[in-house]
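Engineer: Here it is: the structure, laid out below.
Every number here is computed from the coordinates shown, using simple stated rules; none is lab data. Keep in mind it's a predicted model, so treat the numbers as computed, not measured. Cβ atoms come from the backbone with ideal geometry, glycine included; neighbour counts cover every protein chain shown.
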Amino acid sequence: MSKTTAKQAKAEAAQAIAAAAKPSAPAAAQLKAAREAALARTQAEEQERAATVQPATAFYAHLPSEKFIHAPTGALWTTVGVDAACVGGTGGTKPSAWLRAHRPVHGITWDPAEPQLIVGKAIDEEGMWVHDPSLRVFNQYRPSVVAPGDHRKAKPWLDLLKRLYPDDWPHLLMWFAHRIQRPGEKVNHAIVLGGETRIGKDTLLQPVIAGVGAANVRDAEQAQLVSGFTEWAKCALLRVNEARSAEGGGQIDRKHFYERSKTIIAAPPDVIRINEKHTKPYFVRNVCGVVFTTNHRTGSLFFPTDDERHFVAWSPAKSADWSPAEWGKFNAWLDNGGTEHVVAYLQREDIARFNPKAPPPKTQAFWALAGATEDPVKTEWLDAIDALGKPAALTLDMLRDAASGADGGVVLSDLLDTLNDRKVRRTLSHRLAEVDYTSVPNPAAPSNPGWKFATGRKIIYGRSELSAATREKAARALVAAERHKKR
């Protein structure tokens, strides 16, 4: 077969055909030209087919879907495609039939800690590993392939990291290094990269993405994370771009998103069900590390002050701090070996002190954003309870007195309005539950939740952390104290 490319061979075939078709050529010359044209056409067809031919061993038969997995890419092929592309190595049997008999797999997963072909176990429909010597599972994880770099030449990227996040860069550095060194280990907190637009947040992440491997990184919007399709979870790094809430002009309620994202950011759950279009659902290990990027201090992410799932870094940088020429120089450095140098640096970074399961430090930016997202009425509930000395038991009347500034205290107007609003009375027990108080049942009147005071029946709420017996004892003491006071 000629060593010329299929394109060149086609061109030569066309020339030979044109020559054979010339009416002025003698009969012998026309015959010779026709033979050359046929040979050229055959060579062109053979070379074009050779470019698409795949060995049968490049595929696995995925029995549940009746499709075939192309091992180098992880793509699913049909029976027709496999039979057309595979040549030889099947003993005359159709490639699709041969693959079902000799290279079957019973499931698909994605796991950085396992080989491409997992033998002897499979994940069942409940997300649990089932052990059986006959089972085989295809692992779609593909390790990153980055050319060797020189860790000593990573300074431009380190300078950018420190310039963007001068107070928070050490933790960010360890988190990024962990994603590259241990992609199969879950980090139980997300990173929030905040700051103005066009300061380089995404540029900062480029070498990290290369080190993790582009095939192991997903980009998603908040709406995708709360939808029914979960293909985004099949990754070691999940970037949620420009996080924005419904109040800020987006589509997602902040509190709803916060609750839904818990299972994404931290483990357990140890596995996540992957729902992809046109594919039977399967499970992957929950190892994705989540990075949120946002330009918005308000109307972006919600998290309460007791949150332990977000490390928040906010950049003081301004977009005007860098000229187009500086960015051009930096990007040229990344494209000409800089990315490889950064990956080499992160591969060598000592992460022995980094605990991926521990709650992250609470930065100044965390407190600023958590304070901005905290419910002001809830804050006043806590202030009123503190003013009462965080008692073991209390009533709404006690909270009302505290909110009105009794005994010289601060008037908590939002809370006072809530307590006096008849329309929200049914929700007050839920609000008290949010500040760790629960209603105490009266054993003397099981069908009536109230306790009998001199001024009428009242519901008593006890601290949730106390035992039921202790809450009941505190309720009785509260009733007795009120009766004694009336005497």
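Engineer: At 0.36 nm per residue, and after removing the present C-alpha to C-alpha distance, how many nm does the segment from Val411 to Arg425 gain when stretched out fully? Don't skip to the end; give the middle numbers.
Structural biologist: Numbers: separation 14, 0.36 × 14 = 5.04 nm, distance 2.05 nm.
Once the chain is fully extended between Val411 and Arg425, it gains 3.0 nm.
Engineer: What nm value, rounded to one decimal, do you get for the distance between Ala433 and Ala97 when each label is placed 7 Å out toward the C-beta?
Structural biologist: Using points 7 Å along Cα→Cβ, the separation is 6.2 nm.
Engineer: Want the number for Val226 to Ala84: 0.36 nm per residue separation, take away the alpha-carbon distance, what's left?
Structural biologist: 47.1 nm
Engineer: Also, I was wondering about something else. First measure r as the distance between the Cβ atoms of Asp397 and Arg297, then evaluate 1/(1 + (r/R0)^6) with R0 = 35 Å and state the FRET efficiency to the nearest 0.05. Write out the running numbers ahead of the final one.
Structural biologist: Numbers: r = 39 Å, r/R0 = 1.11.
Using R0 = 35 Å, I get an efficiency of 0.35.
Engineer: How many angstrom lie between the Cα centre of the range 275-313 and the Cα centre of the range 421-487?
Structural biologist: 39
Engineer: Among 176-185, 163-172, 83-92, 204-213, how do they line up from the highest to the lowest mean number of other beta-carbon atoms within 10 Å? The partial results should precede the final answer.
Structural biologist: Values: 176-185: 20.2, 163-172: 18.2, 83-92: 14.2, 204-213: 22.1.
Final packing ranking: 204-213, 176-185, 163-172, 83-92.
Engineer: Take the residue pairs Lys357/Lys390; Lys121/Lys186; Lys155/Lys234 and return only those whose Cα atoms are more than 29 Å apart. Walk me through the numbers before you get to the answer.
Structural biologist: Details: Lys357/Lys390 32 Å; Lys121/Lys186 22 Å; Lys155/Lys234 32 Å.
Among Lys357/Lys390; Lys121/Lys186; Lys155/Lys234, the Cα-Cα distance tops 29 Å for Lys357/Lys390; Lys155/Lys234.
Engineer: May I ask what percent, to the nearest 5, of DSSP beta bridges between residues of the chain are antiparallel? Intermediate values should be presented prior to the final figure.
Structural biologist: Numbers: 25 of 48 bridges.
Around 50 percent antiparallel, to the nearest 5.
Engineer: Follow-up question, since we're still on this one. Computed from the coordinates I sent, mean projected area of the Cα convex hull in nm² equals one of (i) 22.9; (ii) 25.6; (iii) 38.0. Tell me the label.
Structural biologist: For mean projected area of the Cα convex hull in nm², the calculated option is (iii).
Engineer: Shifting gears a bit: Starting from the Cα of Thr455, step 7 Å along the direction of its Cβ; do the same at Val130; then give the gap between the two resulting points in nm.
Structural biologist: 6.4
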